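S.K.: Shown below is the structure under consideration.
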Amino acid sequence: MRQAGERCELLDGDELREGICRELGFSRSEREENVRRIAWLASLLERNDVIVLVAVIAPYREQRSALRHRFQEMLEVFVDAPLEVCERRDPKLLYARARNGEIRNFTGIDDVYEGPEFPDVHCMTDRETLSESSAKVMRAIENAPAHAIRTAASVGLSL
Ligand SMILES: Nc1ncnc2c1ncn2[C@@H]1O[C@H](COP(=O)(O)OS(=O)(=O)O)[C@@H](OP(=O)(O)O)[C@H]1O
Ligand SMILES: Nc1ncnc2c1ncn2[C@@H]1O[C@H](COP(=O)(O)OP(=O)(O)O)[C@@H](O)[C@H]1O
C-alpha cells in the first residue's frame, strides 16, 4: 500500500501489548479495554486520512459491532483457519503451551472467539495463499466508498 502512495499504518495487538496496552492481560474486561484503546488510536489515524489495518483477535462480536460507529468506515476482515490448522502452524508455540496448561484463557482452546457472521472480507487462510488473502483485503479497501472519495479529492474531483 505504501508503494502505491497510500498513507497507511498497521496496529498489531501483539506489538501494542508491549506498549500502550502493556499492563493488560486476557480476561474479558482486559481484552475489551485492549481493543478499545487500539480502536481509539485507529480512529485518530483515520481522522487524519490514514488507512489503518488493525490486526487484533477482538473476540467479542458485540464489541466489534459497537465500534463501527466510531469510524467513518470500517471493514471487518475475518482471517479464518480451522483450529487444527492453527495448531499445526503454531509459529510461537502458544497452542502447545495452552494445551499443556502453561497458558490459560487462550483463544480457541479455553477462551471464546465469536467469529463474524457477515464479515466484509473473509480470508480462508487454509485454502488460499497469503497473496490471495492480501489481494482480497486490498480490493475491499480500494472499493470502499470513503477511499474512493479520498482518492477523488486528492486528484481534485468532487463526488
Ligand atoms: N491467552 C491468550 N489468548 C490469546 N492470545 C494470547 C494469549 N496469551 C498471549 N497471547 C498473544 O497475544 C496476542 C493476541 O493479542 P490481541 O491484543 O490481538 O488479543 S485481544 O484482541 O485482546 O483478544 C496473540 O498474538 P498473535 O499470535 O500475533 O495473534 C498471542 O501471541
Ligand atoms: N492466506 C494466509 N493468510 C495469512 N496467514 C497465512 C496464510 N496462509 C498461511 N498463513 C500462515 O499463518 C501464520 C499466521 O501467523 P502469525 O503471523 O503469527 O498470525 P497472527 O499474528 O495474526 O496470529 C503464518 O505462519 C502464515 O505464514
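Just so you know, all these numbers are worked out from the coordinates, no wet-lab data involved. Everything quoted here is computed from the prediction, not taken from an experiment. Cβ placement follows ideal geometry from the backbone for every residue including glycine, while neighbour counts extend to all protein chains displayed.
S.K.: State, to one decimal in nm, how far the label point of F71 lies from the label point of E30, with both points 7 Å from Cα in the Cβ direction.
M.R.: Result for the modelled spin labels: 2.6 nm.
S.K.: Say R0 is 35 Å: what FRET efficiency, to the nearest 0.05, do L10 and E84 get from their beta-carbon distance?
M.R.: Values: r = 28 Å, r/R0 = 0.79.
For L10 and E84, the calculated efficiency is 0.80.
S.K.: Still on this structure, please answer the following. For V112 and L41 in one chain, what is 0.36 nm times their gap in residues minus the Cα-Cα distance, to one decimal in nm? Don't skip to the answer; put the middle values down first.
M.R.: Details: separation 71, 0.36 × 71 = 25.56 nm, distance 2.49 nm.
Full-extension gain reported as 23.1 nm.
S.K.: Normalised by the residues of the range 8-154, what does the relative contact order come to in percent, with Cα pairs under 8 Å and at least six apart? Walk me through the numbers before you get to the answer.
M.R.: On the way: 133 pairs, mean separation 33.0, N = 147.
22 percent.
S.K.: While we're on this one: Using only C-alpha atoms and all pairs of different ones, pull out the Kirkwood radius for the range 1-116 in Å with one decimal. Can you show the working numbers first?
M.R.: Numbers: mean 1/r = 0.0642 Å⁻¹.
When all Cα pairs of the range 1-116 are included, the Kirkwood radius is 15.6 Å.
S.K.: While we're here: What residue among S134, A39, C123 has its Cα farthest toward the positive end of the dipole of the chain, where the charges are +1 on Lys, Arg and -1 on Asp, Glu, each on the Cβ?
M.R.: My answer, from the dipole projection, is A39.
S.K.: Show log10 I(q)/I(0) for the range 4-61 at q = 0.19, 0.22 Å⁻¹, two decimals, from a solvent-free Debye sum over equal Cα scatterers.
M.R.: Here log10 of I(q) over I(0) equals -0.66, -0.84.
S.K.: Using 0.36 nm per residue, how much length does the chain from R139 to I20 gain when fully extended, once their Cα-Cα distance is taken away? Write out the running numbers ahead of the final one.
M.R.: Details: separation 119, 0.36 × 119 = 42.84 nm, distance 3.08 nm.
Separation in residues times 0.36 nm, less the Cα-Cα distance, equals 39.8 nm.
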